[in-house]
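The values are calculated or read from the model by the stated rules, or taken from the named source; none is laboratory data. Quick caveat, the model's predicted, so the values are computed rather than measured. Every residue, glycine among them, receives a Cβ derived from its backbone with ideal geometry; neighbour counts consider all protein chains shown. Side chains included, ligands, DNA and RNA excluded: accessible areas come from the protein's heavy atoms. Shrake-Rupley method; radii C 1.70, N 1.55, O 1.52, S 1.80 Å.
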Amino acid sequence: GAVVSQHPSWVICKSGTSVKIECRSLDFQATTMFWYRQFPKQSLMLMATSNEGSKATYEQGVEKDKFLINHASLTLSTLTVTSAHPEDSSFYICSASPQETQYFGPGTRLLVL
Amino acid sequence: EDQVTQSPEALRLQEGESSSLNCSYTVSGLRGLFWYRQDPGKGPEFLFTLYSAGEEKEKERLKATLTKKESFLHITAPKPEDSATYLCAVQAGNAGNMLTFGGGTRLMVKP
């Protein structure tokens with residue numbers, strides 16, 4: 001149980017385009033999901049908390065207009081990187097919790113050319 | 001502010017050489033301490049949750065322990081497939097399900 005999926009697993013895009021990443025809880029409902037980014041050989045950095053039916057809560061320094069989060073159902077949250085630039089290239093990971101334990105998706109590697 | 005510090009940053013072991021990874025933390029009202037394993041290019045995989053000082057949990061060659069200031073992940077007779085980054089995270093009582101992560105320990109086990 002407690003399986004979280006992400007799609008796509010990797011994406012390459014041109015600078016200036018937008019990219020949408022999906023995070024799904026497959027066998028449980030999640031009112032809250034979390035989005036992280038991870039740079040090589042570094043730990044996870046929380047970007048935002050996604051709340052079903054309401055606005056996301058962004059961590060300090062994360063641009064909410066650049067990283068759009070939508071949590072339209074109890075099993076799906078999406079992260080859209082708008083007008084992506086090479087510095088947005090990173091590993092994006094989502095997580096969801098059926099109770100107190102967070103279970104992580106497999107991650108999405110984004111490369112912006 | 002909640003803080004988590006893991007040591008060492010990297011650890012090289014020979015197969016069969018037991019060792020421990022440390023996770024020191026400061027948190028306002030610990031709700032839970034979590035250990036995850038992360039393989040390169042993948043999301044973290046849940047290992048253990050510890051809730052109170054004195055608690056211990058085991059899974060195969062791994063054993064996690066908790067005190068009021070730190071947690072240890074003991075690895076007994078490791079195998080090359082135990083090579084990964086091990087992440088420690090704390091959950092504060094007033095932060096919902098939010099986690100604060102340490103920097104991780106990269107473990108390499110040589111055959």
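Key figures for this structure:
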quantity	calculated
Residue, nearest to the other protein chains (Cβ to nearest Cβ), within region B:83-105, restricted to residues that are at pLDDT below 90 and either in contact with a Cys (Cβ under 9 Å, 6 or more places away or on another chain) or farther than 14 Å from B:Glu1 by Cβ (or both)	B:Asn97
Selection count, region A:64-101, where residues are loosely packed, with under 15 Cβ neighbours inside 10 Å, small (Gly, Ala, Ser) and free of Cβ contacts under 8 Å to residues at least 60 places away in the same chain	2
Checklist (1) of a type outside the set (Val, Ile, Thr); (2) in contact with a strand residue (DSSP E or B) (Cβ under 7 Å, 6 or more places away or on another chain); (3) not in a strand (DSSP E or B) applied to B:Glu81, failing item	(2)
Only one of B:Glu70, B:Glu56 that is open to solvent by 70 Å² or more (accessible area, probe 1.4 Å) and of a type outside the set (Gly, Ala, Ser)	B:Glu56
